[in-house]
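**Student:** Dropping a structure here in C-alpha cells format, bear with me for questions.
Please treat every number below as a calculation from the coordinates, not as lab data. Nothing here was measured: the structure is a model prediction, and the numbers come from that model. Neighbour counts run over all protein chains shown; Cβ positions are idealised from the backbone, glycine included.
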Amino acid sequence: MYQPEFEAMERSRLEALQLERLRDTLERVYASVPLYTRKFDEAGVKPGDVQSLDDLRRLPFTVKDDLRAAYPYGMFAAPLRDIVRVHASSGTTGQITVVGYTKGDIDRWADLMARTLVCAGATPDDVIQVSYGYGLFTGGLGVHYGSERLGATTIPISGGNTKRQVQILKDFGVTGLGATPSYALLIGETALEMGIDPRELPLRFGVFGAEPWSENMRRQIEETLGIVAIDIYGLSEVLGPGVASECLHKNGLHVNEDHFIVEIIDPETLEPVPDGEQGEVVFTTITKEGIPVIRYRTRDISRIVPGECACGRTFRRMERVSGRTDDMLIIRGVNVFPSQIEQVLTGIPGVAPHYQVVLTKRGVMDHVEVHVEVAPDIAFDEVKALEALRRTVAQEIASALAISIDVKLVEPKSIQRSEGKAKRVLDLRNEGGTA
Amino acid sequence: MVEQVSVFLENTAGRLAELTRVLGDAGINMRALMVADTSEFGVVRIICDMPRRAVQVLDDAGFGASIAEVLAVEVPDRPGGLADVLEALQAEGINVEYAYCFVEPSGDKAVDILRVDEPERARQALERAGVALAEASTLYELD
C-alpha cells in the first residue's frame, strides 16, 4: 500500500473523515458555485443540514449537462488564478466538459495514482511506460504524475506509433505499462509480428482503463504479454484515473473513499440501493478544490462487492463497470453518442437519417460500421456517385465523432424501425463478432 | 431522352429475384436489365414498358427506385455499330458514365442506352454524326 494510513483505515474513522470532508466541501460549493447555491436552495437544504453520511441522499444530483451548461469555467469552485491545469472530456456531444485542478488537486491526484500503481504491484524500482494519450484526456498525465510520485522511472510515450512502443518496451527494460486495454493488446500483437515475444521481456504488470473490457480480454492480455493486468477506473468529471483500482486480488475496484463518496442508486427511483445490488454509480468528491462535484451521476452501471478484501484495504470495492444507463458508447477510448450520427445525416442529401451502428472487433481494436439508408428518391444511379456519397457520409460522421468508421449504404427502409427505443446500436464486440 | 428505372440494391442473396418478381406481378415487361455492382451494393437499371408504374410498385414494395433520364440510340446490328456512336461522343469530349445494349425484337437493329455527363450536347453531337435517337414511344408506353 502506498498510503496504508488511509487505505487500511478503520471504517468508523474513515466515515468520520468522510463526513468532515463532505461538510467542508458542501460549505465551499454552496458559497462559491452558483449552480450549487441554486440547487441546494431549490432542494431546501443547507450545507449545515448534513449531519451524517446518510444525509447525503437529501442533496441534489449533478449531471453531465450541468457541466456542459457551465462551459468552460462555470462550475469551478476556485478562482482561475488558483487553477493550474485544465482537462476536458473526450465526449463529443455538443459542448465538451472542462475540469480544473488546483495545485492541491494535482498533488492529491498524484498520490491517488501512486496508490493505483502500487495496487498493481509497482515499486520505485519499476520502469513505467505511459501509453495513454497525453493532452486534454486525463489518462496520460494522470498515470504520469502517479508514476513520478511513486518514484518509478516514467516514460511519457503517449499513444500511437505502436512499433516504436514495442521497441521502447524492449530496449528500456519496461516493467509496467499504462494503456487502454485494447491498445495494450495491440502492443502485444505488434510485438509478436515484430518477432519479439513480450512474455520474455521484463514487463510484469499493466494498469488498464478508460474503456470497458471483459474478463476474457484480461486473460488474453495477461497471456499475450505475460503480465498481471489490473483494471483501473476514473472519469474526468470526478478526477480522471485514480478514482478506483483493483488490487492484485482482482475482485472489484477499491474506491479511494477518503477522497470520494460512492453511492449506487436505482436510476429510475434515484434512491440508493443496498451494497451488492446493481445500479448507477454516483460520486461525491470530498477533497477537490478546482471543481468539486456533488452526487455526480456517472451513468456507469456497477455494484458494491460485499465483504472485505484479503489485501487489507478497507475501501469498499465496486465491480467492473458492466454497462451504461444512456446510449453512450466507448469506442477505442472515445465517448460516442449515436445521436450525433443522426444530426450529421440530416445535413447530407441522398441519404435518410436512419442508421445503425455495428460494433465489432477487427483484430483487437474496435471496428465501427455505420449502416446508412440511401434516400428513397435518390437522384443518381452511378456507382461512382454512390461511392462518393459513401465517402462523404463516412468523413462527416468520422469528423463529428472524432473516430474513424466505415459506412455501408443500405436500401431505403431496410433498417428496422421499432416503437419506443430504436435499435440503433448492435454491439458485437464481446460476442466474438468480427467484420 | 428516355426513362430508365434505376434501383439501389444491397448485395444480398435473393434481392434481385424479389425485385423482378415485384415487376412481374405488376405485369411489367422488361426490355433490358443491367446490374452494376460493388462488393457492398449494386444499381439495377431497367428499360421496361411502364417505367413510372415500375417505380411506383417498387417503391411500394420497399425498394429505392427512381427514374433516370438516359439517351437511347438505334444502331444497325453489325460489328462497329456502337463504336461509331461512342467515337462521335468522344470527339466532342463527352463522358459516358455507363452504357448497355439490347437488340430489337425485329432483329436488325440494336438499341444502345447511354448515360452521359452532358445529355443535350450529346444529343446534338449524335444528330450531327447521323446517329438516330430512339423515341421513347418506341420503347415503352408513355404513361
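**Student:** If the only charges are +1 at each Lys and Arg Cβ and -1 at each Asp and Glu Cβ, what is the size of the charge dipole of segment A:4-328 around the Cα centre, to the nearest 20 debye? Mind dumping the intermediate values first?
**Tutor:** Working: 36 positive and 48 negative charges, 131 e Å.
Dipole magnitude for segment A:4-328 comes out near 620 debye.
**Student:** Enumerate the amide H contacts of A:A77 below 5 Å, restricted to partners 5 or more residues apart or on another chain; note that Pro and chain-start residues carry no placed amide H.
**Tutor:** Distant-sequence amide H within range of A:A77: A:I291.
**Student:** Separate question: Gap in Å between the Cα centre of segment B:74-143 and the Cα centre of segment B:1-26?
**Tutor:** So the two Cα centres are separated by 24 Å.
**Student:** Hey, which lysines would be in cross-link range of A:K103, C-alpha to C-alpha under 21 Å, not counting anything within fewer than 8 residues on its own chain?
**Tutor:** Output for A:K103: A:K288.
**Student:** Here's something else I'd like to know. Show which aspartates and glutamates lie in cross-link reach of A:K39 when reach means a straight Cα distance below 15 angstrom and same-chain residues fewer than eight apart are skipped.
**Tutor:** Candidates past the 8-residue exclusion: A:E27, A:D49, A:D65, A:D66.
**Student:** Say a site is exposed when it is one of the trypsin sites (Lys or Arg not before Pro), sits in a DSSP loop, and has at most 13 other Cβ atoms within 10 Å; what is then the longest site-free stretch of chain A? Mind showing how you got there, number by number?
**Tutor:** On the way: sites that count: A:R417, A:K421, A:K423.
Excluding the exposed sites themselves, the longest stretch runs over A:1-416.
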